[in-house]
Each structure stands twice: as structure tokens, then as C-alpha cells.
Amino acid sequence: MSTTICRSGGYTGTIRPPVGVTNKEKAANARSYSYTGPLHDAENDHLISLQLGGDPNDPRNLWVEPPSPGHKPGAGPNNPKDAVETRLHTAICKKQVTLAAAQQAIATDWESAEQRLGLEPNPGDASGPAD
């Protein structure tokens with residue numbers, strides 16, 4: 001994984017499609033889910049994030065996620081799942097969990113993923129690349 005998701009200098013930026021592609025995908029995805037809210041406040045989220053090796057363009061790995069409760073309109077996306085993804089990424093790169101186990105956990109239930117993997121959630125450590 002030192003040549004992919006754990007490589008020095010980052011990984012997601014090398015596989016993330018350009019905004020011209022993702023904006024079209026997001027709009028099409030929103031229509032498919034009948035989402036009518038403002039797209040700038042929603043996130044084109046990945047079931048398995050890019051930093052966990054998820055496919056950047058597979059429609060089965062993407063959906064438009066509305067803003068979380070308490071979101072300030074116009075402030076852009078706010079997704080608490082992003083911090084969990086970052087902590088799982090760190091655990092993978094530190095060899096605390098396997099990539100396959102982290103992918104399965106995040107895809108099954110992101111809110112309990114860390115607990116099921118035996119990791120202690122650390123909400124203060126949310127730095128790193130977002131999905």
C-alpha cells in the first residue's frame with residue numbers, strides 16, 4: 001500500500017476526477033435519487049472513500065449525500081463520515097487494520113466501523129484528505 005493509498009505525498013489527488021466530471025456525476029446522481037436540495041451543500045459521497053481505495057467513478061460507490069443536521073446553508077458539505085474515513089486510513093497505513101477489513105466496516109456501517117475494528121474513535125484527529 002506504500003505505492004497507493006499510503007504513499008507519501010498523497011493518493012486521492014492522483015485519482016480524483018476533475019471537477020468538470022464530478023459536477024456532472026453529482027447532478028446525474030442527484031436526479032437518480034430525486035434529490036432537489038442545493039448541490040453545493042450536498043456531497044457526492046463514496047460508499048468506500050478514495051482514501052480507503054474506493055472507486056472514484058463507479059456509480060455503485062457514489063451517491064449524493066444531503067448536508068448533516070445543523071448544517072449552515074451555503075457553507076458547503078459537512079460530513080462527519082469524512083473524519084472516520086481519515087482515521088481508518090491512518091489505521092491501515094499504521095498496519096492496525098487491513099484494507100479489506102476497513103472497507104467492509106465503512107461500507108457496512110460507518111458510524112460503528114471503528115468500534116467493530118477495535119479502534120478507539122478519536123474525534124480530535126480528523127485531519128487528512130477528505131473523501
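Some values worked out for this structure:
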{"item": "Label-point gap, in nm, between His40 and Arg7 - each point 7 angstrom along Cα→Cβ", "result": "3.4"}
{"item": "Correct choice for Kirkwood radius over Cα pairs in Å that was computed from the model, options (1) 15.3; (2) 15.9; (3) 14.6", "result": "(1)"}
{"item": "The chain: most fluctuating residue of Leu119, Leu50, Leu88 per GNM, C-alpha cutoff 10 Å", "result": "Leu119"}
{"item": "In Hz, Karplus ³J(HN,Hα) per residue of region 40-53 (6.51, -1.76, 1.60; θ = phi - 60°; x = Gly, Pro)", "result": "5, 9, 9, 10, 7, 8, 9, 4, 10, 5, 4, 6, 10, x"}
{"item": "Directionally averaged projected area (convex hull, Cα atoms, region 62-111), nm²", "result": "4.2"}
{"item": "Rounded Å value of the spacing that divides the Cα centres of region 68-92 and region 5-40", "result": "15"}
{"item": "Other-chain or far-sequence residues with amide H under 5 Å of Glu43's (modelled H)", "result": "Glu65"}
{"item": "Those aspartates and glutamates that a straight Cα-Cα span of less than 19 Å connects to Lys95, excepting residues fewer than 8 apart in one chain", "result": "Glu85, Glu114, Glu120, Asp125"}
{"item": "Residue with peak Gaussian network fluctuation, the chain [Cα springs, cutoff 10 Å], from Val64, Val21, Val97", "result": "Val21"}
{"item": "Å² of accessible area per residue within the chain, as computed with a 1.4 Å probe and no ligands counted", "result": "57"}
{"item": "Region 3-117, accessible surface, carbon-and-sulfur percent (1.4 angstrom probe)", "result": "56"}
{"item": "Highest to lowest packing among 53-60, 102-109, 42-49, 31-38, scored as the average C-beta count within 10 Å", "result": "42-49, 102-109, 53-60, 31-38"}
{"item": "Distant-in-sequence amide H partners of Leu62 (H built 1.01 Å from N, under 5 Å)", "result": "Leu47"}
{"item": "Surface accessible to a 1.4 Å probe, Thr98 within the full protein complex, Å²", "result": "80"}
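The values are calculated or read from the model by the stated rules, or taken from the named source; none is laboratory data. The structure presented is a predicted model; accordingly, all values stated were derived computationally and were not measured. Cβ: placed from backbone, ideal geometry, glycine included. Neighbour counts: every protein chain shown. For the accessible areas, the whole protein counts, side chains as well, though only heavy atoms, and no ligand, DNA or RNA atoms are used. Shrake-Rupley method; radii C 1.70, N 1.55, O 1.52, S 1.80 Å.
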